[in-house]
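See structure below.
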Amino acid sequence: QVEHSPAYRKDGELAAYVYGMSYGARAVTDNIARGYRPDPEGPYHIALLHGNVDGNPAYDPYAPCSLTELASSGFDYWALGHIHTRAVLHTYPHVVYPGNTQGRHFRETGAKGCYIVDVKPSREAELTFVALDTVRWERIEASIEGVENEQAMLDLLER
């Protein structure tokens, strides 16, 4: 069951409702996004969902749903999990995979981190990516032409 909780500003004013649900099993393969409904009284609506939007074949089909469905749901922001690659799938409303905060292996290359989301009084959202990774995986090409031994190759790779 989808639940929501209020989020308040420092001055005590209601800023948003945050919606989400826990999985009852390790893997949920039903479209649970259909059960998300924004409270009409909230000033801003943030939905949390661990799922696979539009069937990305590189990932398990957890909580499969469509981008069209999320974008037309009445939420202002969908904060997504499951896909480890950072991607803004839609704006206004925002549908965002922030990716993971740390690459876990050599296939998860590039900067990893989170988005700081600044919501203006007009409900406009400004996203700023902040890198949080302490180890970064990258793919690079390095010529070994002229490398005469293992230590020289290690020195080259380190540079």
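Contact annotation: residue pairs with Cβ atoms under 6 Å, 6 or more positions apart or on different chains, pairing a residue in region 23-35 that is touching a residue at least 24 places away in the same chain (Cβ under 8 Å) and over 14 Å from Ala47 (Cα atoms) with a partner that is part of a loop (DSSP other than H, G, I, E, B) and among the aliphatic types (A, V, I, L, M), are Val28/Ala63. Among residues of region 132-150 that are of a type in the set (S, T, N, Q), those with a Cβ under 7 angstrom from a residue that is surrounded by 10 or more Cβ atoms within 10 Å (Cβ to Cβ) and in a loop (DSSP other than H, G, I, E, B), sequence gap 6+ or separate chain, pair up as Thr134/Gln102.
One residue stands out in region 1-24 among those that are over 18 Å from Ala125 (Cβ atoms) and small (Gly, Ala, Ser): the one that is nearest to the chain's Cα centre (by Cα), namely Gly20. The residues of region 105-140 that are within 20 Å of Ala79 (Cβ to Cβ), of a type in the set (Lys, Arg), in contact with a strand residue (DSSP E or B) (Cβ under 9 Å, 6 or more places away or on another chain) and surrounded by 10 or more Cβ atoms within 10 Å (Cβ to Cβ) amount to a single one, Lys112. Selection over region 17-35 of residues that are of a type in the set (S, T, N, Q) and either open to solvent by less than 60 Å² (accessible area, probe 1.4 Å) or closer than 26 Å to Ala7 by Cα (or both) gives a count of 2.
Among the residues of region 36-49, which ones are at pLDDT 95 or above and open to solvent by 50 Å² or more (accessible area, probe 1.4 Å)?
Let us first name the residues in region 36-49 that are at pLDDT 95 or above, namely 36-38, 44-49.
Hits for region 36-49 are Arg37, Leu48.
The values are calculated or read from the model by the stated rules, or taken from the named source; none is laboratory data. Because the structure is predicted, anything quoted here is derived from the model rather than measured. Neighbour counts run over all protein chains shown; Cβ positions are idealised from the backbone, glycine included. Heavy atoms of the whole protein, side chains included, go into the accessibility calculation; ligands, DNA and RNA do not. Shrake-Rupley method; radii C 1.70, N 1.55, O 1.52, S 1.80 Å.
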